[in-house]
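Step one of this worksheet: look at the structure below.
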């Protein structure tokens, strides 16, 4: 798997650091992180499939970008599930955005 456990663990460590900032990981924060794990694994599988032929072509690059954008949208939708987008959830999603752009290209 291209996105190996070390990279996923680094991502989760950073997200949990933000979630724990106030001393409590809320159910909403945990739900957001759970969704991120699911989506990141799907992203990794898509990368694996894309590199089977040795290159990632333009179409595959676009699909990967769409999935990265979808990871953010899913995290936001999870945050809004209770009808509110709290500051700590916004901070968590901002960190996710930063991590996706730095770790996942």
Degrees between helix 58-79 axis and first principal axis of the chain (Cα, 0 to 90, nearest 10): 10
Top of 71, 18, 51 by mean-square fluctuation, Gaussian network on the chain, Cα under 10 Å: 51
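Within the P(r) computed for the chain, what percentage of the Cα pairs occupies the region above 22 Å?
Of all Cα-Cα pairs in the chain, 30 percent lie more than 22 Å apart.
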Alpha-carbon centroids, region 4-54 and region 79-103: separation in whole Å: 12
Translational diffusion coefficient (Stokes-Einstein; Kirkwood radius from C-alpha pairs) of region 44-105 at 4 °C, 1.567 mPa s, in µm²/s: 100
Selected from 86, 95, 68 as most flexible by GNM, with the chain as the system and alpha-carbon contacts under 10 Å: 86
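Where a number appears in this text, it was derived from the coordinates with a stated rule and is not lab data. Just so it is clear, the structure is predicted and the values come from calculations on it, not from any experiment.
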